Amino acid sequence: MSVSIRIWRVPQRARRAPARRVRRIRIAVAVEDGAFGRLEEIANSCGAFGFRHDSTLASVGVITGSIAVDRLSSLRAVPGVVAVETERPPPAAPFSGSR
């Protein structure tokens, strides 16, 4: 009994390109004073632009999460959004020159 095996090669143009890693940054989205009751709706609207919602600070009208760097400016167009702030790295510890 003979067994034949065929190996199919995928043409170069049909191969998938490696997925491009997009850098995400952590942000805080502030909503206008009259929109505190619509925080969930605004978070969902931001989600349409790639925003990943982490938490809601309802008492101050802030939504936190992350978004791809190249999509950051699109959040400012969402109705109810007043400001978009990026997370700042913690300050460096002061140098203690003791030996």
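Go through the stretch 27-41 residue by residue and turn each phi into a ³J(HN,Hα) via Karplus (6.51, -1.76, 1.60, θ = phi - 60°); whole Hz please, and just put x for glycine and proline.
Result, rounded to whole Hz: 9, 10, 10, 9, 10, 5, 3, x, 10, 4, x, 10, 4, 5, 5.
Read phi for every residue in the stretch 48-58 and hand back ³J(HN,Hα) as whole Hz from Karplus 6.51 cos²θ - 1.76 cosθ + 1.60, θ = phi - 60°, with x for Gly and Pro.
Karplus-based 3J(HN,Hα) across the stretch 48-58 equals 5, 9, x, 6, 9, 6, 9, 8, 10, 9, 4 Hz.
If you filter the stretch 27-95 for GluC sites (Glu not before Pro), then keep DSSP loop positions with at most 11 other Cβ within 10 Å, what is left? Intermediate values should be presented prior to the final figure.
Values: sites: 32, 40, 41, 85, 87; in loops: 32, 87.
Passing sites in the stretch 27-95 are 87.
What span do the alpha-carbon atoms of the stretch 24-86 cover on each of the three principal axes, reported in whole Å from largest to smallest?
Per principal axis, max minus min of the Cα coordinates gives 29, 19, 17 Å.
Gain in length, residue 24 to residue 83, computed as 0.36 nm per residue apart minus the alpha-carbon separation, to one decimal in nm?
Result: 19.4 nm gained on full extension.
Each reported figure results from applying straightforward, stated rules to the coordinates on display, with no laboratory input. On a predicted model such as this, the values are computed, not experimentally measured, just so you know. Glycine also receives a Cβ, built like all others from the backbone with ideal geometry; neighbour counts cover every protein chain displayed.
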